[in-house]
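Trainee: Below is a structure I'd like to ask you about.
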Amino acid sequence: MSILRNYQPLHFITVKKENAYKLSVLANNSEGTLWLPNKLKNEQLSAQYYSDSLAIHLQNIWHQSQAIIFCLTVGAVVRLIAPLLKDKQNDPAIIVISPNFDSVISLAGGHQGKADKLTELIASELNTNGIITSASFAAHLPSVDTFGEIFGWHKGEGNWTSVSANITGGKQTFVRQTTGLKWWQNNLPDGHCFIFSEQIDSSKNSFDNTTEKEELPNDVFSVIDIGVEKNISCQNIPYVRWHPRVLWIGIGCERNTSFTLIESAVIEVLTKYNLACESIASLVTIDIKKDEVGILKLAQKWNLPLQTYCAEQLKDIHVPNPSTVVEKEVGTASVAEACAIKGASFSTFENNTTELIVSKQIIKSEDQKGAVTIAIAQSTLEYNPHQGQLYLIGTGPGNIEYLTNSAQMALREADVIIGYGLYIDLIKTLLRPEQIIESYSITQEKQRAQRAILLAQWGLKVAVISSGDCGIYGMAGLVLEILATENWDGKSPSVEVFSGITALQSLAAKIGSPLMHDFCAISLSDLLTPWEIIEKRIVAAASADFVTTIYNPRSKTRQEQIVKLQNIFLQYRNPNTPVAIARSIGRDDEQIILTTLGEMLNYSIDMLTTVMIGNNSTIRYKDLLITPRGYLSN
Ligand code: SAH
């Protein structure tokens, strides 16, 4: 199954039989729907059929689609979609696969610019070219109307078209970010056009209602504001506003308080404090109100989660306005304030801290039933509603041509890439400007795994990369082991393992067919495995005549193990047994030497090297090693 399933509902359309077969594979893998004209009904395809004209059928599925993927000529698609296109917020992404399947074209962005990303994914899956013409893509810049999505931010007001055009045109853009993670700032290309409020004199870096235009830096063409305020004046400069979800609305109310009163109370408090409703993370109340109709209705109407806590969890929270009356009634001296603070303390990730920014406000209305108390706390970490995903990826031995298509797709789809710096460099050309890259040194495996789990638990799609295969002396085992010790439920975050070509396979392919009979791999690293055990395995492999591949053969501090290994093998195998020594397989500086068991230590061997020792019947023929399976001797 493919990463494309993250983009449901997906619709695929073609009208030709030959293309329908190819497209049906893509549709099946992505759990999308393949639509075909009635005339193809007799074909053995898992598809749905339309009987009207395609133009009419398109009208029917238009609003139910995240993306529509056509395998038709571009001209036909343009004519079909022209009457239906409205705006980026509501139109589905439109993608065209050329009828001979040699390119994938991002035709119209769809909401949140999904078409570009989907085009890359489909191109990876089909192993073909993706054609993307959007300006931010060309400029290697995060696209201003999508980059906050991965953190769960909501879009606020703004002139998105002008600001996007200014940014992609390289015009200076002032960024004021007062809340939310700033990771997106870490990976901007050199010479980008952003100027951050922290970079300039702090007495002049605000642009609230009282600020004159001159107080923005000179030559600013656009403003990006990332914060909780609803209204800020940016004079006549085009601006856009993103809202990280950091506000926790604590609500207490009398039983059966009307929905209208609760909703207008929240609006009133937000307005009074100039807070944007898009910044709300969650509504929070005491558990005895979990069935309070007005609160439930507000959560539903505003599409917000509703957290509840019991009095026991709330009673010790320090609040500015405790009430003995409330304490007597419900067992905690504060509901709204304590709930807001408790909600905002939802995570300790990234040293989240909490501040009550609006103390309790009691709101009543003459013509509405009941009374509401509202308090608002702000967290420093934003609430991210996304379900985290972990992609454990083997990137193959070297350059990206050794990467599988599905691993490529997972890399493109990920929000964060975590790995050893050298391996990240090898896949750099695949990465998008929005992606967060975290490089670690070679020894920091535990840190990498723990960080990846933390980020995925918070709601990001995290790719952890290993060279070769991630489950062979790679990161997959460690990540899964840690999850298992943390009582992981198997679902959240979801985990998917993407296999890669391991060093022994890639080496074998380079030198012919040495693995045609039973073989094994042994790592000589005794950092995690005691040497006695490694030695036992070496003896077993040598004596049982396995073709044996040695990983981690020698490092600066581990010089002796490979010598001991040679001595053991010489007890069981002829010194003329063919041996291959391969360094940096699949990379630009690849080096492969064919030698013998007796001579192998005359060559340089280090941690970028894999050594393969043939069995008793392995032969060398020209520049190849061949281990006979027995076909010719039977
Ligand atoms: N997961 C990797 C193995 C990681 S252990 C895989 O499946 O291949 C690290 C060891 O793998 C290195 O010390 C070296 O022995 C071997 N190795 C990994 N990539 C290599 C390459 N491109 N060329 C040669 N050896 C490689």
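Please treat every number below as a calculation from the coordinates, not as lab data. Quick caveat: nothing in here was measured; it's all calculated off a predicted structure. Cβ coordinates were reconstructed from backbone atoms using ideal geometry, including for glycine residues, and neighbour counts include every protein chain displayed.
Trainee: Write out the GluC sites (Glu not before Pro) in region 342-405 meeting two conditions: DSSP loop, and at most 16 other Cβ atoms within 10 Å of their Cβ.
Mentor: Glu366
Trainee: Using label points projected 7 Å from each Cα along Cα→Cβ, tell me how many nm separate Asn6 and Asn634, to one decimal.
Mentor: 4.7 nm
Trainee: Under the 0.36 nm per residue contour assumption, what length would be gained going from the current alpha-carbon distance of Ile267 and Glu366 to full extension?
Mentor: Fully extending the segment from Ile267 to Glu366 adds 33.9 nm.
Trainee: Around Cys71, under 13 Å between beta carbons, what's the net of Lys plus Arg minus Asp minus Glu among the other residues?
Mentor: It works out to a net charge of +1.
Trainee: Give a quick list of trypsin sites (Lys or Arg not before Pro) in region 80-140 that DSSP marks as loop, anything other than H, G, I, E or B, with at most 11 other Cβ atoms within 10 Å.
Mentor: Hits after loop and neighbour filter: Lys86.
Trainee: If you don't mind, another one. Between Lys315 and Ser53, how high is the FRET efficiency from 1/(1 + (r/R0)^6) when r is the Cβ-Cβ distance and R₀ = 51 Å? Nearest 0.05.
Mentor: After rounding to 0.05, the efficiency reads 0.15.
Trainee: Something else now. For the pairs Lys182/Lys297; Lys117/Lys289; Lys41/Lys88; Lys86/Lys301; Lys114/Lys446, flag any whose C-alpha to C-alpha distance is greater than 31 Å.
Mentor: Pairs exceeding 31 Å: Lys182/Lys297; Lys117/Lys289; Lys41/Lys88; Lys114/Lys446.
Trainee: Calculated FRET efficiency, Lys290 and Gln172, Cβ-Cβ r, R0 60 Å, to nearest 0.05?
Mentor: 0.75
Trainee: Follow-up question, since we're still on this one. Rounded to the nearest 20 debye, what is the charge dipole size of the chain about its Cα centre when +1 sits on each Lys and Arg Cβ and -1 on each Asp and Glu Cβ?
Mentor: Taking the Cα centre of the chain as origin, the dipole is about 1280 debye.
Trainee: Using only the alpha carbons, work out the radius of gyration and Dmax of region 389-501 in angstrom.
Mentor: Reported Rg and Dmax, both Å: 12.5, 37.
Trainee: Per residue and in Å³, how big is the convex hull formed by the alpha-carbon atoms of region 247-379?
Mentor: Given the Cα convex hull of region 247-379, per-residue volume reads 100 Å³.
Trainee: Further question: Work out how much length Ser439 to Ala165 would gain on full extension: take 0.36 nm times their residue separation and subtract the Cα-Cα distance, in nm to one decimal.
Mentor: Roughly 95.5 nm would be gained on extension.
Trainee: Sequence gap at least 6, Cα distance under 8 Å: using those rules, report the relative contact order of region 40-93 to the nearest whole percent.
Mentor: Relative contact order for region 40-93 comes out at 42 percent.
Trainee: Assuming R0 = 56 Å, what is the FRET efficiency of Asn90 and Tyr603, from their Cβ-Cβ distance, to the nearest 0.05?
Mentor: E between Asn90 and Tyr603, to the nearest 0.05, is 0.30.
Trainee: Put +1 on the Cβ of every Lys and Arg and -1 on every Asp and Glu Cβ in region 389-501; which of Trp458, Gly471, Gln408 then has its Cα farthest towards the positive end of the dipole?
Mentor: Trp458
Trainee: Can you tell me which lysines have their Cα less than 17 Å from the Cα of Lys364? Leave out same-chain residues fewer than eight positions away.
Mentor: Lys272
Trainee: Moving on. How far apart, in nanometres, would the label points at Ile131 and Arg587 be if each is projected 7 angstrom from Cα along the Cα-to-Cβ direction?
Mentor: Label-label distance for Ile131 and Arg587, simple model: 3.7 nm.
Trainee: Any chance you could check the Cα centroid distance between region 149-189 and region 15-57 for me, in angstrom?
Mentor: Computed from Cα coordinates, the inter-centre distance equals 40 Å.
Trainee: Packing-wise, with mean Cβ within 10 Å as the measure, how do 460-466, 260-266, 478-484, 178-184 rank, highest first?
Mentor: Packing proxy ranking, top to bottom: 460-466, 260-266, 178-184, 478-484.
Trainee: Using +1 at the C-beta of Lys and Arg and -1 at the C-beta of Asp and Glu, which of Gly169, Gln199, Ile585 has the Cα lying farthest in the positive direction of the dipole of the chain?
Mentor: With unit charges placed on the Cβ atoms, the residue in question is Ile585.
Trainee: Cα to Cα, under 20 Å, and not fewer than 8 places away if on the same chain: which aspartates and glutamates meet these conditions relative to Lys564?
Mentor: Reachable aspartates and glutamates: Asp526, Glu532, Glu535, Asp545, Glu599, Asp606.
Trainee: I've got another one for you. Which residue, Phe259, Leu270, Ile613, has the largest displacement toward the positive end of the dipole of the chain when charges sit on each Cβ (Lys, Arg +1; Asp, Glu -1)?
Mentor: Checking the options against the dipole of the chain, the answer is Ile613.
Trainee: Need one number: nm distance between label points at Gln387 and His192, each 7 Å from Cα along Cα→Cβ, rounded to one decimal.
Mentor: Distance between label points: 3.1 nm.
Trainee: What does the net charge come to around Glu438 if you take all other residues with beta carbon closer than 10 Å to its beta carbon, with K and R at +1 and D and E at -1?
Mentor: +2
Trainee: Give me the log10 of I(q) over I(0) for the chain at q = 0.11, 0.12 Å⁻¹, as the Debye formula computes it from C-alpha points; what are the numbers?
Mentor: With no solvent term, the Cα-only Debye profile gives -1.16, -1.26.
Trainee: Dipole size in debye (nearest 20) for region 450-598 around its Cα centre, Lys and Arg Cβ +1, Asp and Glu Cβ -1?
Mentor: With only Lys, Arg, Asp and Glu charged at Cβ, the dipole is about 280 debye.
Trainee: Determine, at each q value in 0.13, 0.16, 0.23, 0.26 (inverse angstroms), the log₁₀ of I(q)/I(0) that the Debye formula gives when each Cα of region 98-174 is one equal point scatterer.
Mentor: The computed values of log10 I(q)/I(0) come out as -0.46, -0.66, -1.10, -1.26.
Trainee: While we're on this one: Hey, how much of the P(r) for region 504-626 falls beyond 25 Å, as a percent of Cα pairs?
Mentor: Summing the P(r) tail past 25 Å for region 504-626 gives 14 percent.
Trainee: Provide, in order from the shortest bin, the percent of all Cα-Cα pairs of region 45-163 in each 10 Å bin, continuing until the bin that contains the maximum pair distance.
Mentor: The distribution over region 45-163 is 12, 40, 35, 11, 1, given as percents.
Trainee: Also, quick follow-up: What does the charge add up to near Pro320, with Lys and Arg as +1, Asp and Glu as -1, over the other residues with Cβ less than 9 Å from its Cβ?
Mentor: Residues near Pro320 contribute 0 overall.
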